[in-house]
Amino acid sequence: MKLIKNDPKLCDCRAFPADIGEEITEADLTRFFAVVSTDLEPWQVEQVVTPQQSYVRQEALLAVHWHPEFVPMEHIRTRVDAMFPNRRDELLIPTQHNQLMSWDGYSGVEVDCFSSGFNRKVQLLLHFTDERVKDAGVLKSMLAHTFKYRSGQLFDFMHTITKPDEARIERAAKATGADQELIDFVRINVSKVERLLNEHWTDVPRLSVKNKLLRNWFDAMRDELGDNAVDKVQAYLKVVKNLVKKGFDLSFFYRASEVIEEVRSLGGCIVIPHPEQFWPILLRDYDVDGIEVWNPQSQEYTEFLISVVNEQNGRRISGRDKLIFMGDDCHMGEKTKPLNQQESDKAAREIGLQPAWDDLGIRKKLIVNNISRRSIIQEYKARLAG
């Protein structure tokens with residue numbers, strides 16, 4: 001395959017193949033099965049089980065917002081053991097997107113839902129003891145329906161590029177400076193992915209059928225195209241994806257109130273994650289057990305949110321206090337990628353690593369209200385036990 005190149009001594013500025021065709025090649029097929037595979041190679045397992053750092057002084061481990069993705073729990077456990085070898089108190093609950101998973105007697109899920117009062121999608125963390133969801137047919141059916149959201153959005157994403165939706169394409173091109181060569185290159189590749197998905201649908205793990213598939217497809221071309229070209233593609237794709245998300249029909253989701261009602265009927269607990277992205281859900285005053293005041297994606301208002309929760313609890317006449325949580329929002333799948341393909345911010349997230357607990361300014365606000373990792377672990381375990 002002939003590439004258009006400039007002087008490699010000046011920069012990594014390889015361009016897009018001049019002779020790319022619409023036909024699916026053997027290289028395309030190999031790349032496709034590599035990016036949809038959920039099986040781990042030995043080098044991937046080694047990356048997963050070997051953390052960059054160990055936190056020997058942390059004795060309480062609280063993690064109720066993290067995503068195993070396709071990484072086996074046994075490998076995750078090895079990593080956690082290596083990171084926190086001296087922990088004495090712990091509560092770990094996985095929260096896969098719209099898919100119930102368990103760890104040491106507890107089950108959890110992060111569910112997408114609809115806040116009708118504010119006409120927007122929000123997310124909730126749901127937590128249970130395993131026995132409470134053993135026969136939870138209604139909840140599992142609700143999750144199975146919602147799980148299809150990400151695959152449905154992927155196909156909308158691809159159709160926007162392959163049909164194409166001229167208005168969205170034009171807006172994305174203007175926003176990123178994408179030229180016709182890049183647009184055509186992306187369209188041809190996305191068409192190939194779409195056809196490969198249709199041809200090999202029964203062999204593709206459903207966990208891989210989401211927007212991230214396109215990002216991974218082009219990341220796998222970095223050795224061929226160079227970082228500069230792939231980064232331009234990714235910037236363009238990100239804008240198209242966001243336009244697709246904005247146009248998604250929110251009536252697909254269950255209302256947040258419906259989800260909360262079902263969780264309460266099962267004796268489960270609920271936490272609002274990354275509230276900076278979902279301010280309206282805080283204003284709605286839903287029946288929840290806690291609020292996540294810190295997250296790698298939501299750090300700006302941590303002290304303010306702690307104050308708000310403490311003030312609300314101080315005014316509470318009846319009912320249980322809202323608890324304060326911090327979410328590491330770790331996505332374990334990121335740690336299976338080659339180092340040069342990882343998103344650095346996402347790869348840095350670790351299960352149970354929430355530095356805000358130890359920030360001196362934040363600790364002052366927590367201490368005066370007798371709040372710590374250990375106190376939240378004890379209280380939340382008691383609520384989950386019901």
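The values are calculated or read from the model by the stated rules, or taken from the named source; none is laboratory data. This one's a predicted model, so the numbers in the text were calculated from it and none came from an experiment. A quick note on method: Cβ atoms are made from the backbone with ideal geometry, for glycine too, and the neighbour counts reach across all protein chains shown. Just so you know, the surface numbers come from the protein's heavy atoms only, side chains and all, with ligands and any DNA or RNA stripped out. Shrake-Rupley method; radii C 1.70, N 1.55, O 1.52, S 1.80 Å.
A compact table of results
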{"item": "Lys/Arg +1, Asp/Glu -1 at C-beta; the chain dipole; positive extreme among Tyr286, Asn98, Phe253", "result": "Tyr286"}
{"item": "Positive-end extreme of charge dipole, the chain - chosen from Leu237, Ala18, Gly117 (charges on Cβ)", "result": "Gly117"}
{"item": "Centroid-to-centroid separation of the range 293-325 and the range 146-216 [C-alpha atoms, Å]", "result": "39 Å"}
{"item": "Point-charge dipole on Cβ atoms (K/R +1, D/E -1) for the chain, about Cα centre, debye to 20", "result": "940 debye"}
{"item": "Considering only the chain, percent of DSSP beta bridges that pair antiparallel, nearest 5", "result": "55 percent"}
{"item": "31 Å Cα-Cα threshold exceeded, pairs from Lys245/Lys335; Lys121/Lys381; Lys134/Lys238; Lys121/Lys163", "result": "Lys134/Lys238"}
{"item": "Entry for percent of Cα pairs over 32 Å apart (calculated from the structure that is shown) out of (i) 35; (ii) 57; (iii) 40", "result": "(iii)"}
{"item": "Value of relative contact order over the range 83-137, rounded to a whole percent, pairs C-alpha under 8 Å and six or more apart", "result": "26 percent"}
{"item": "Whole-percent carbon and sulfur share, accessible surface of the range 207-290, 1.4 Å", "result": "47 percent"}
{"item": "Accessible solvent surface per residue of the range 47-205, calculated while the other protein chains remain in place, 1.4 angstrom probe, Å²", "result": "44 Å²"}
{"item": "Percent carbon-and-sulfur accessible area, the range 2-138, ignoring ligands, DNA and RNA, probe 1.4 Å", "result": "49 percent"}
{"item": "CD proxy at 222 nm, helix term only [per DSSP H run n ≥ 4: -39500 (n - 2.57); per residue of the chain; nearest 500]", "result": "-14000 deg cm²/dmol"}
{"item": "Solvent exposure, largest accessible area first (probe 1.4 Å, DNA, RNA and ligands not counted), of Met142, Met158, Met73", "result": "Met73, Met142, Met158"}
